[in-house]
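The values are calculated or read from the model by the stated rules, or taken from the named source; none is laboratory data. Quantities reported herein were computed from a predicted structural model and do not represent experimental measurements. As a convention, Cβ positions derive from the backbone with ideal geometry for all residues, glycine included, and neighbour counts pool all protein chains shown.
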Amino acid sequence: MDLNLGGKTALISGASAGIGRVTAKTLAREGVQTIVVARRAQALEELADEIRAEGNKAPVLIVDDLLDDGSFDRIVAHVMGQFGGVDIVVNNLGQARPFDLDTTEEEWAEAFRLNFVTPRRLTTPFIAGMRERGFGRVVNLTATSEPQHVSGSLTSKAAVLMWAKGLSRVVAKDGVTVNCVSPGYLLTDQIRNNFIPQFLPTEEEQQVWLDREIPAGRFGDPADAANLITFLCSPLAGYITGQRVYVDGGWNRHV
């Protein structure tokens, strides 16, 4: 299927690993000029090599730390100077670690800065251009709605959901869609290197847990989320906006 994405430009944050990395490669295969942002220069250079090796447009690499308040102005200036704007923003940035009742105000502020302030500030400068051109796509990676503990990540990502819903209603008539994708247990480096060794160290334990918790009976792949994100970025998804879509093999129990 041709997604009619050729010639579009996309800004992807958190692109050095996991879902962001696979999304950049998937969009590039559709003819999108990708602009990838992350802190690790080597990881971005390796991503660029992989994209070029597939015969696709080389991505523009922006190495910056989005916890640095000056990063937003630098990134926006870089993108505006080279492209005059973007058609697509994929906000794939976040940090998942449990909080407790003793978590400091600084840690709470950092969680909201990374998970809510960052996507809002990376998106807002490009909205006017999207509206003028009559086409724009914003896709935010959010989280489960079933918190098991106090979580700065889940709490701040809930703010993203509300912001995205409101924004979607403001810009819908101008051809701009805003959606959220909530991935479940996909085999990213974080799941492979942290979750599985800590909680499911044996294959038998993994399968027992998968059979109990996930109707699909298996972990997902980052490509499962990347494929959906790419579709939501396309003109074919122009009547889908203000939505939250789960990619979790049926794990979420809510309707």
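What pairs come out if I take residues in region 243-255 that are within 11 Å of Ile214 (Cβ to Cβ) and pair them with residues that are basic (Lys, Arg) whose C-beta lies under 8 Å away, six or more apart or interchain?
Gly249/Arg218
Looking at (1) surrounded by 18 or more Cβ atoms within 10 Å (Cβ to Cβ); (2) in contact with a helix residue (DSSP H, G or I) (Cβ under 6 Å, 6 or more places away or on another chain), can you tell me which one Ala58 breaks?
Of (1) surrounded by 18 or more Cβ atoms within 10 Å (Cβ to Cβ); (2) in contact with a helix residue (DSSP H, G or I) (Cβ under 6 Å, 6 or more places away or on another chain), only one is false for Ala58: (1).
Using the structure shown, decide if Ala159 is under 16 Å from Thr144 (Cβ atoms) and in the same structural domain as Val117 (by the TED database). Give the steps one after another, and end with the answer.
Values: under 16 Å from Thr144 (Cβ atoms): yes; in the same structural domain as Val117 (by the TED database): yes.
It is true that Ala159 is under 16 Å from Thr144 (Cβ atoms) and in the same structural domain as Val117 (by the TED database).
Kindly establish whether Gly94 is surrounded by fewer than 21 Cβ atoms within 10 Å (Cβ to Cβ) and either within 24 Å of Ala237 (Cβ to Cβ) or touching a residue at least 60 places away in the same chain (Cβ under 8 Å) (or both).
Working: surrounded by fewer than 21 Cβ atoms within 10 Å (Cβ to Cβ): no; either within 24 Å of Ala237 (Cβ to Cβ) or touching a residue at least 60 places away in the same chain (Cβ under 8 Å) (or both): yes.
Here the answer is no, as Gly94 does not meet what is asked.
Could you go through region 15-24 and let me know if any residue there is surrounded by 13 or more Cβ atoms within 10 Å (Cβ to Cβ), among the charged types (D, E, K, R) and under 18 Å from the mean Cα position of the chain (by Cα).
Initial filter on region 15-24 (surrounded by 13 or more Cβ atoms within 10 Å (Cβ to Cβ)): 15-24.
Imposing the further condition that a residue be among the charged types (D, E, K, R) reduces the set to 21.
Subsequent filtering for residues that are under 18 Å from the mean Cα position of the chain (by Cα) retains 21.
Among the residues of region 15-24, at least one is surrounded by 13 or more Cβ atoms within 10 Å (Cβ to Cβ), among the charged types (D, E, K, R) and under 18 Å from the mean Cα position of the chain (by Cα), which makes the answer yes.
With assigned by the TED database to the domain that holds Phe231 and under 20 Å from Val139 (Cβ atoms) as the only criterion, which of Ala53, Ala43, Ala38 stands out?
Details: Ala53 fails: under 20 Å from Val139 (Cβ atoms); Ala43 fails: under 20 Å from Val139 (Cβ atoms).
So the residue among Ala53, Ala43, Ala38 that is assigned by the TED database to the domain that holds Phe231 and under 20 Å from Val139 (Cβ atoms) is Ala38.
Can you work out which of the residues in region 149-167 that are touching a helix residue (DSSP H, G or I) at 6+ places or on another chain (Cβ under 9 Å) and among the β-branched types (Val, Ile, Thr) is modelled with the lowest pLDDT?
Among them, the one singled out is Thr155.
If I filter region 212-230 for residues that are over 20 Å from Ile191 (Cβ atoms) and surrounded by 15 or more Cβ atoms within 10 Å (Cβ to Cβ), do I get at least one hit? Quick ask: steps written out before the conclusion?
Filtering region 212-230 down to residues over 20 Å from Ile191 (Cβ atoms) leaves 230.
Right, trim to surrounded by 15 or more Cβ atoms within 10 Å (Cβ to Cβ) and you get 230.
Yes, region 212-230 contains a residue that is over 20 Å from Ile191 (Cβ atoms) and surrounded by 15 or more Cβ atoms within 10 Å (Cβ to Cβ).
With respect to the numbered conditions (1) crowded, with 16+ Cβ neighbours inside 10 Å; (2) closer than 19 Å to Phe72 by Cα; (3) at pLDDT below 95, which one is the sole condition not fulfilled by Arg113?
Arg113 satisfies every listed condition except (1).
So which of Thr155, Thr177 ends up being in contact with a strand residue (DSSP E or B) (Cβ under 8 Å, 6 or more places away or on another chain), surrounded by 12 or more Cβ atoms within 10 Å (Cβ to Cβ) and polar (S, T, N, Q)?
Only one candidate passes the filter, namely Thr177.
Taking region 197-216 only, how many residues are free of Cβ contacts under 8 Å to residues at least 24 places away in the same chain, farther than 23 Å from Leu154 by Cα and not in a helix (DSSP H, G or I)?
Residues that pass the stated criteria total 2.
Just need a number here: residues in region 168-196 that are in a helix (DSSP H, G or I) and in contact with a helix residue (DSSP H, G or I) (Cβ under 8 Å, 6 or more places away or on another chain).
Initial filter on region 168-196 (in a helix (DSSP H, G or I)): 168-174, 189-196.
If we keep only those that are in contact with a helix residue (DSSP H, G or I) (Cβ under 8 Å, 6 or more places away or on another chain) as well, we get 171, 174, 189-190, 196.
Qualifying residue count, region 168-196: 5.
Which residues, counting only those in region 105-139, are aromatic (Phe, Trp, Tyr) and closer than 15 Å to Gly14 by Cβ? Explain how you work it out, then say what you get.
Narrowing region 105-139 to residues aromatic (Phe, Trp, Tyr): 108, 112, 116, 126, 135.
Residue satisfying the conditions is Phe116 alone.
Just the residues that are buried (at least 20 other Cβ atoms within 10 Å of the Cβ) and in a helix (DSSP H, G or I), please, taken from region 118-152.
Thr118, Pro119, Leu122, Thr123, Phe126, Met130, Gly152 - these are the residues of region 118-152 that are buried (at least 20 other Cβ atoms within 10 Å of the Cβ) and in a helix (DSSP H, G or I).
Taking region 68-91 as the region of interest, how many residues are touching a helix residue (DSSP H, G or I) at 6+ places or on another chain (Cβ under 8 Å) and surrounded by 14 or more Cβ atoms within 10 Å (Cβ to Cβ)? So that I can check it myself, show each step before the final result.
Going through region 68-91, the residues touching a helix residue (DSSP H, G or I) at 6+ places or on another chain (Cβ under 8 Å) turn out to be 72, 75-76, 79-80, 84-91.
Pick out the ones that are also surrounded by 14 or more Cβ atoms within 10 Å (Cβ to Cβ) and you get 72, 75-76, 79-80, 85-91.
So the count comes out to 12.
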